[in-house]
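All remarks here apply to the structure that follows.
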Amino acid sequence: MVQWRRVFAIIAVKALKAVRSVESVAELLAARSEMSGSVGFVPTMGALHAGHMSLIRQAHEENDQVIVSIFVNPTQFLPGEDFERYPRKEQADRLLCKSAGCDLLFLPPIEAIYGADEPVVKAPAVSGYILEGHERPGHFDGVLTVVLKLLGLTRPTRAYFGKKDAQQLILIRQMADRFFLPTEIIAAETLRQKDGLALSSRNEYLSDTQRTEALKISQSLFEASRLIKQGRSESAAIEAAMRQVLAPLAIDYVAITDRALRPIDAIVKGESLILVAARVGGVRLIDNMWV
Ligand code: AMP
């Protein structure tokens, strides 16, 4: 019997243009210069899941062409973090990219992106060093540097980032604004599994038991949402209720802020953000809710 799934997979991989060699930067620039119309760009670190796919699909719907990058960026990992063991799944990723509407896949090796003794972007001294930046100092310097490089290479009309990484999205928006970049930064909704767990490449590290424990993270946000619907708005009360739900986990932070990440005493609908980070076993997970 013909294995249609395999046949389809081969056709799909062949049809997707992928640049991945050491010369990939030159190849990408050449391919980009042949593109006409609007270009949507989705930067990722691979191990693609449905959350990434929804960004690529949105980019496909809103633009004439779509570029996706897969680059596990070493400069955003701190020493001792999971850079080495971060999941890498190039073959599966290629298929998923193609099926979601990607036209050009950019998979640069590290040496195509980074050289010795070169400029870097510094994250803002306050908003880049609180929350995630406090737990992972220097992380956002690495994120902003690689995003600026990738935006320079792909010159997209629109670039898509998930609300799941709220602080990252806010800092990238600010960089695009304050460095006067021509790209529009689009915020994409967080995709969750049916039971509420936000999709993340790091969920792969979780055992079944840990996955069940990890549900407390989204449940704490749903508890906050329930209280807000009941008319509660005081940050202290909402945070306390969330901490009760999260209690069995090692909590890194629960924060209630405005959309510029400044702490607030009370939620204002349409203007607030609730952020959580916690560790389940050795796995650090983040989630948030845009209230
Ligand atoms: P990453 O590969 O983790 O760097 O993620 C690439 C992009 O996908 C980032 O803009 C993330 O915010 C976004 N993303 C990650 N998880 C989700 C999710 N569950 N729903 C929507 N977007 C996501």
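Tabulated data for the structure shown
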item	result
Pick from region 33-55, criterion under 23 Å from the mean Cα position of the chain (by Cα) and more than 16 Å from the ligand (Cβ to nearest atom), ranking: farthest from residue 152 (Cα to Cα)	38
Among residues of region 180-238, those that are more than 14 Å from the ligand (Cβ to nearest atom), outside any helix (DSSP H, G or I) and either surrounded by fewer than 16 Cβ atoms within 10 Å (Cβ to Cβ) or at pLDDT below 95 (or both), counted	8
Qualifying residue in region 95-102 (condition: in contact with a Lys or Arg (Cβ under 7 Å, 6 or more places away or on another chain), assigned to a loop (DSSP other than H, G, I, E, B) and not β-branched (Val, Ile, Thr))	yes
Some residue of region 234-253 being under 16 Å from residue 289 (Cα atoms) and within 18 Å of the chain's Cα centre (by Cα)	no
Tally, over region 92-101, of residues that are within 19 Å of the chain's Cα centre (by Cα), of a type outside the set (D, E, K, R) and either surrounded by fewer than 17 Cβ atoms within 10 Å (Cβ to Cβ) or closer than 19 Å to residue 21 by Cα (or both)	2
Any hit, region 74-88, residues being in a loop (DSSP other than H, G, I, E, B), more than 14 Å from the ligand (Cβ to nearest atom), touching a residue at least 24 places away in the same chain (Cβ under 8 Å) and closer than 24 Å to residue 123 by Cβ	yes
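The values are calculated or read from the model by the stated rules, or taken from the named source; none is laboratory data. Values in this document were obtained by computation on a predicted structure and should not be read as measured data. Counting neighbours? That spans all protein chains shown, and the Cβs are built from the backbone with ideal geometry, glycine included.
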